[in-house]
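A short write-up of the structure that comes next.
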Amino acid sequence: MGVSGCGKTTIGRLLSEQTGYPFYDADQFHSEANIQKMTAGLPLTDEDRWPWLNAIRDFAEIQSKSGSLIIACSALKQSYRDILCNIPDLCIDWVLLQGSYDILYSRLQQRESHFMPATLLQSQLDILEIPARAIEVNIVNQPLKIVLQIIERLSISLRMQAFGLIGLGVMGKSLSRNLANKGIQLSLYNRRVVGKEEDIATQFIQEYPELNTAKGFEDLTAFVASLSVPRKIMLMVNAGESTDDIIQQLIPLLQPGDIVIDGGNAHYLDTEKRIKQLGTYGIQYLGVGVSGGEAGALLGPSIMPGGSTAAYMAVQPILEQIAAINSKGFTCCKFIGAGGAGHFVKMVHNGIEYAEMQLLAELVQFLKVVGGHDYDLIALLLKPYLHGPQSSYLLEITVQILQTKSNGDWILNQILDNAGNKGTGSWTSMEAAKIGLPIPTLTAALNARFISAMWRTRQHLASTMTHKVEHQPINIQQVMEAYQLCRIINHHQGFQMIETVSNQHKWGIDLTALAGVWTAGCIIRSKLMEQLQDLLLVSTQLLLHPEMVSLCNQSKYSLKHMLSLALANELPMDAFSASAQYLFALKQAESGAALIQAQRDFFGAHTYQLKNNPEGPFYHFNWQAE
């Protein structure tokens, strides 16, 4: 109950989905005369309402014989409620949805195709008599939260589960526990592979107390049938064929309005194809980037949803509940844009992550090879920077790794130096190449991983080629200054790529908001990312920001000195070098590309433009004329 605009229909329908009780809207019992009167902006009189209230009561008396039901009715006066309650042996609970005038009026103004105008709001508030015994709920909260409050206070048993998750790998399990800890009623599905994957969901539920209300399935049909409508199903399966396979199995089991959420590392173009494919069946599809690893998924990841706004709004309360909260108190879940925007920014996130990891690997290797330091000393040198502008999640875990030993030796000495990759780094570099955008720091990090895989060749050449290392005194402050400069260059490349592709696809991605999503929960969270939120408000081209220009001018000497020492010791510094070359190339007012254009025109008549008219016509010169 409550005045118009308080959300009676929305909450009633959602409560019906969660409980299985049928829902009815009292507006459908109004006479045509009443509807015409309200449409004209005239408030109803009590004489107008008596037949309407009697019709609702008679209907409720008949329907209640089949079990519990939910009715949305304004029921503003006690005299109206007395009529509605005049049913022998029927137990009625009243839920009053309360909100401020401003919120209510704003909602009424935004409503379309409804006979109740906003101008009648005050007349309803004037006659509202608050029941002596009613559950009062503030409508400022999200609809799902309101419904869960009602269910808890009425002690209603849920018949259907609110959310489904498919795929109980490391991330799927952690997200499931996160969802359960937030009070979300779950259905969990994992495929059955005899001898390899059997009773995974059931055993997982039994292992953790927070999953005591969850239901486990190996039968996909039963899993889908357990969910409230519209169904909300999150996929946490491998990208590519595995995702397509499960989608094909789901399509005949779903109905229009259901929502499928892909939380894996899918390629954004695959996501856009799936949006179109499922759209033909009326099924909504969201491509959602999720970052944070196992711990982040459990405690609060960074979440990057993309797809339709309507689909996101339906799952927004759930996603925001499980997302990380940053230092400013904001949730790290933000709608990114249409189509594959969510998975695209997750792809670039991973490209930035590759470079951040490579920069740290090169930094540690520089201190080890050039400085002659062991891992304990390197950790000691890096610790003070855990509380400064260079601090990040990746730096934190690096310091921890450097200090970890097993059987008296550092674990790092025991790990084969062959870095794996799962494809997202490659996708980032390939997409940048397709649009002609340089991201050399990110690409250098990818190439370094490829070279690491050639460990047999490296070991052979190391034994045959002469190499002499000369340790040098190291200024750790200069090293960290160079490191921070390269990180800024790395982030500049990543955000520039996102802005470029966003403009091409008309996604309208808000880079400042995206940086906010990346300030907690995700792998690339850092003090720098928090700083970038403010910088991006001034310029989306980070290296053009006055503060960054000043930092580049100050730090480039430290970077050059570091690279000169590395070069003298034949130590590869892929990401550091690529960052330096990118910076130096960007600040060259005149490059050597004029010769390349002349060469192209010489052998292929590809033409060129002139310096004094760069937007003007193209020319061809007859280079071989006598």
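The values are calculated or read from the model by the stated rules, or taken from the named source; none is laboratory data. Quantities reported herein were computed from a predicted structural model and do not represent experimental measurements. All Cβ positions, glycine included, derive from the backbone under ideal geometry; neighbour counts span all protein chains shown. Areas reflect the complete protein model, heavy atoms only, side chains present, ligands, DNA and RNA absent. Shrake-Rupley method; radii C 1.70, N 1.55, O 1.52, S 1.80 Å.
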Next on the checklist: Rounding to the nearest 10 and keeping the result within 0 to 90°, find how far the Cα-based axis of helix 241-250 lies from the longest principal axis of the chain.
Outcome noted: 10 degrees
Checklist entry - How many angstrom separate the Cα center of the range 26-97 from the Cα center of the range 257-298? => result 42 Å
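With N residues in the range 517-626, what two-decimal value do you get for its Cα radius of gyration over 2.2 N^0.38 Å?
1.57
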Next on the checklist: Just the number please: accessible area per residue for the range 170-228, 1.4 Å probe, all protein chains included, in Å².
Outcome noted: 48 Å²
Checklist outcome for this item: Residue separation between residue 560 and residue 39 times 0.36 nm, minus their alpha-carbon distance, gives in nm 180.1 nm
Item to check | Karplus-derived HN-Hα couplings along the range 23-37 (A = 6.51, B = -1.76, C = 1.60, θ = phi - 60°), whole Hz, x at Gly and Pro | outcome: 10, 9, 9, 5, 4, 6, 9, 5, 6, 4, 5, 4, 5, 5, 5
Checklist entry - How would you rank 297-307, 467-477, highest first, on the average number of other Cβ atoms within 10 Å across their residues? => result 297-307, 467-477
Checklist outcome for this item: Phi angles of the range 484-495, converted by Karplus (6.51 cos²θ - 1.76 cosθ + 1.60, θ = phi - 60°) into ³J(HN,Hα) in whole Hz with x for Gly and Pro, give 5, 4, 5, 5, 4, 4, 4, 5, 4, 4, x, 5
Checklist entry - To the nearest 20 debye, what is the magnitude of the charge dipole of the chain about its Cα centre, counting +1 on the Cβ of each Lys and Arg and -1 on the Cβ of each Asp and Glu? => result 560 debye
Item to check | Potential extension, residue 328-residue 383 segment - 0.36 nm per residue separation minus Cα distance | outcome: 17.3 nm
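Efficiency by 1/(1 + (r/R0)^6): what FRET value for residue 447 and residue 547, r their Cβ-Cβ distance, R0 = 25 Å, to the nearest 0.05?
0.25
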Checklist entry - Using the beta-carbon distance between residue 122 and residue 276 and R0 = 41 Å, what value does 1/(1 + (r/R0)^6) give for FRET efficiency, to the nearest 0.05? => result 0.30
Checklist entry - Hey, what angle do you get for helix 546-568 against the long axis of the chain, alpha-carbon based, 0 to 90 degrees rounded to 10? => result 50 degrees
Checklist entry - Among the lysines, which have Cα under 27 Å from the Cα of residue 346 when same-chain residues fewer than 8 positions away are ignored? => result 173, 182, 232, 273, 276, 328, 334, 422, 434, 506, 527
Checklist entry - Highest mean first, what order results for 605-616, 567-578, 499-510 on Cβ atoms within 10 Å? => result 567-578, 499-510, 605-616
Checklist entry - Taking the Cβ-Cβ separation of residue 248 and residue 309 as r and a Förster radius of 22 Å, what is the calculated FRET efficiency to the nearest 0.05? => result 0.25
Checklist entry - So how far apart, in nm, are the two label points at residue 111 and residue 569 if each is 7 Å from Cα heading toward Cβ? => result 7.2 nm
Item to check | the range 177-256: Cα Rg divided by the 2.2 N^0.38 Å rule of thumb | outcome: 1.12
Item to check | Listed residue (469, 486, 390) projecting farthest to the positive dipole end of the chain, Cβ model | outcome: 469
Checklist outcome for this item: Debye calc, one equal point scatterer per Cα of the range 225-324, no solvent, log10 I(q)/I(0) at q = 0.14, 0.20 1/Å comes to -0.50, -1.03
Checklist entry - Ranked highest first by average number of other Cβ atoms within 10 Å, how do 87-94, 318-325, 28-35 line up? => result 318-325, 28-35, 87-94
Checklist entry - Using the heavy atoms of the protein chains alone and a 1.4 angstrom probe, what is the accessible area of the range 411-539 per residue in square angstrom? => result 48 Å²
Next on the checklist: With the crude spin-label approximation of a point 7 Å out along Cα→Cβ, what separation in nm comes out for residue 153 versus residue 269?
Outcome noted: 5.3 nm
Checklist outcome for this item: Share of Cα-Cα pairs in the range 19-124 beyond 20 Å, whole percent, is 45 percent
Item to check | the chain, accessible surface, carbon-and-sulfur percent (1.4 angstrom probe) | outcome: 53 percent
Checklist entry - If you plug each phi of the range 296-305 into the Karplus form 6.51 cos²θ - 1.76 cosθ + 1.60 with θ = phi - 60°, what whole-Hz ³J(HN,Hα) values come out, in order, with x for Gly and Pro? => result x, 4, 7, 8, x, x, 8, 10, 10, x
Checklist entry - When DSSP beta bridges are limited to those with both residues in the range 150-307, what percentage is antiparallel, rounded to the nearest 5? => result 25 percent
Item to check | Net lengthening on full extension, residue 85/residue 32 (0.36 nm per residue, minus Cα-Cα) | outcome: 16.6 nm
Item to check | Cα→Cβ-extended label distance, 7 Å offset, between residue 376 and residue 396, nm | outcome: 2.6 nm
Item to check | Antiparallel %, DSSP beta bridges [both residues in the chain], to 5 | outcome: 30 percent
